[in-house]
Each structure stands twice: as structure tokens, then as C-alpha cells.
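Here the structure comes first, spelled out in C-alpha cells, and everything after it is commentary.
A short reminder: the numbers here are calculations on the coordinates, not readings from a lab. Predicted model, so just to flag it, every value in this text is computed and none were measured. Please note: Cβ atoms are built from the backbone with ideal geometry, for glycine as well, and neighbour counts cover all protein chains shown.
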Amino acid sequence: MFKICIFAGTTEGRELAELLKGRPVSVSAFTATEYGGSLIEAAENVSVSSGRLDEEEMRALFSEERYDLVVDATHPYAAVVTENIAKACEETGTGYLRVLREGSALPEDAVFVSDAKEAASFLDETEGSILLTTGSKELSVFAPLKGFSERVFARVLPMESSLKACEEAGLPPSRIIAMQGPFTEEMNAATLSMCHASWLVTKESGKAGGFDEKLSAARKAGARLLVIGRPPQRDGVSLGEAVKIIEERAGLIFRPSVIVAGIGPGAPESATLEVIRAVKEADCLIGAKRMIQAYSEEGKPAFDAVAPAAIARVFE
């Protein structure tokens, strides 16, 4: 059986593990934290392990398990982890595939810096409240800011390690927002308004990381965007391209499961319970704009497509 190892601490990694569930392949999914692991559902052919591995541990793992392919779906900012995975694969003769996160259109009016240290230096010359959405790992870099405990709000994951990092950085509880995304534009805007934030600090996390929602919320709330750019990336492929490569190497065929649902007069109140359940359980909706608007849900992709060729493009 074809054996795949996925470093899956991202949306892309989780989606790939979900797609391979129940397929005739053996999948080992690894995440850095227990929290990340809890977001991936194990299955008969999918095992989930949590905990950070260094290069030596990866090399030993690959030598022992003899994976046919290692998929590096780690975060764009986890450059060290990516290098460790790639080197361990090279040294053990293991196939390596890097999945790159799709970027977003970057606004001209944002301030761009190369790393957290440069972001902190820039903010030190500014005024106003700051909402940090860059996680807890680099909070200590921002701690020397003048008025740090009065100016900064940090949105972090609701984990003990995140709260500890906030405490060690000197951030009082009233300045900690412990929440799990994804965050809508409305939620981001409400948070910015609550903080009276003049600055929103974010990484260029792409569409999958909620960058677009942050951008639109900042504009709505009148906050400036400070963007920490991505470190240099290894060559890689999109998630869709990765799926095609796995299809070919593992001899799999992925086909979407399609339900064609008639919704009657168009209002959800007049639909059958069977249709309502099908819509609710679907991963995406395709149809005439008026119809999908009536059934749209926050965070669920919806495509305005009626012509057969347009619907086929959505499937592709």
C-alpha cells in the first residue's frame, strides 16, 4: 500500500488528510501541537501524531517507515521546519512534495516589513493601539515596545502555551484575546473596534489564513495594516496540483460527489428537509446567484454558475 506522511499543521494539510480518508493509502499525519492534531480526524487508514520533530528525528522516522512520499504542508513561515523535512527526505531517499499556500493580493497602502523584529522597530515610532494577530511565538520580540502593556492587544490560540507566552511577555489578561479562527470580516472589524486599534499586525497568511478578511476589516475599522512578509519559500505546488501528483503516484482517482437538488420556489422555508440536510452537509454550493444566496453559510464556498461549462470549471 502506498504510504504518505503529511506534515499537516495547516488548513491545506488538514484538507489533504481528510481527502485521503478511506482511500487505499496509508496516511501518517503529524502536527506540531496537540491542538493542531485535534483538528484532524483519525481514520482506519489515517493516524495522527502531535509533537515537534527535529531533523534527526525526522530522518529516523523516514528511515524506519519508508514512506513513498512526504508532503510538507507546513505554514509558510515555518521555514526551519521545511528545511529540516527537505533535508531528512534527501538524506533518506524519500520522495518530497512541498505544498505552497496561495497568496493574496497585497494592498498598496499597507506597511510591509521582513520580520517581527522590523515590525516592532517600526511600531516603536508610531502611536495608537495595536492588534497583534501573529500568534504567541514571537510576542517576546514586541515586548520591548514603549507602552507595550498599554498599547498592545494579542489575539492568540486558546492554549495554555499561548497564555503562558503572553504572561512571560508582560501582557496583562485584559489585553489577551484567546480565540480560535477562522475569523470573518465582521469578527475582525468588531475586534479592531473593541481595541480602538490604529494598527493591525498580520503575517501574509494568504486566503486560507484569513488575510483577505483582515484586510477588509482593517479598512472598515480605519486601522492601518502592518504586514510581515513571507520568508523565502522552497519550490512547491498548490494543493490542487499536489492532489493530482498523489493521484498519479498512488493510482488514485478523486471524483467529487455531486447532489443535484431542486429547491422549489427558492426560499429555504419551502424546501424539503432532505434538501436542507444536503445543503448543510455539502462542502460547497453551486447554482444561480439568487438561489445560493438564500442558502449561503458563513465560511462555506459558494459559486455562481449555471451553464454546464461553468459548473465543470468549478469541479476542476
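Quick one: work out Rg over Rh on the C-alpha atoms of the range 133-205, Rh as Kirkwood radius. Radius of gyration over Kirkwood radius for the range 133-205 works out to 0.93. Considering all C-alpha pairs of the range 221-302, those separated by over 22 Å amount to 55%. Of the residues Leu171, Leu163, the one with the fewest other Cβ atoms within 10 Å heads the list, and the complete ranking is Leu163, Leu171. Dipole check for the range 141-280: with +1 at the C-beta of Lys and Arg, -1 at the C-beta of Asp and Glu, and the Cα centre as origin, the magnitude is about 340 Debye. As an equivalent ellipsoid, the range 101-235 spans semi-axes of 21, 17, 16 angstrom, where each value is the square root of five times an eigenvalue of the C-alpha gyration tensor, largest first.
The slack in the chain from Asp235 to Ile259, taken as 0.36 nm per residue of separation less the alpha-carbon distance, amounts to 4.9 nm.
Using Cα-only point scatterers and the Debye equation, what is log10 of I(q)/I(0) for the range 268-315 at each q in 0.13, 0.24, 0.29 Å⁻¹, rounded to two decimals? Each listed q corresponds, in turn, to -0.29, -0.92, -1.16. Pairwise Cα distances in the range 34-91 exceed 13 Å in 67 percent of cases.
Using just the helices of the chain, give the 222 nm mean residue ellipticity in deg cm²/dmol: DSSP H runs with n ≥ 4 each add -39,500 (n - 2.57), and the total is spread over all residues, rounded to 500.
Numbers: 14 runs with 124 residues, N = 316.
Here the helix-only value at 222 nm equals -11000 deg cm²/dmol.
Run through every distinct alpha carbon pair of the range 174-218 and return the Kirkwood hydrodynamic radius in angstroms, one decimal place.
On the way: mean 1/r = 0.0917 Å⁻¹.
Evaluated over the range 174-218, this radius sits at 10.9 Å.
Which whole number in µm²/s is D for the chain by Stokes-Einstein, with the Kirkwood Rh taken over Cα pairs at 20 °C and 1.002 mPa s? Translational D for this selection: 98 µm²/s.
Counted by neighbouring Cβ atoms within 10 Å, the residues Asp109, Asp124 run from fewest to most as Asp109, Asp124. When the chain is modelled as a GNM with alpha-carbon springs shorter than 10 Å, which of Gly135, Gly262, Gly22 fluctuates the most? So, out of Gly135, Gly262, Gly22, the one fluctuating most is Gly262.
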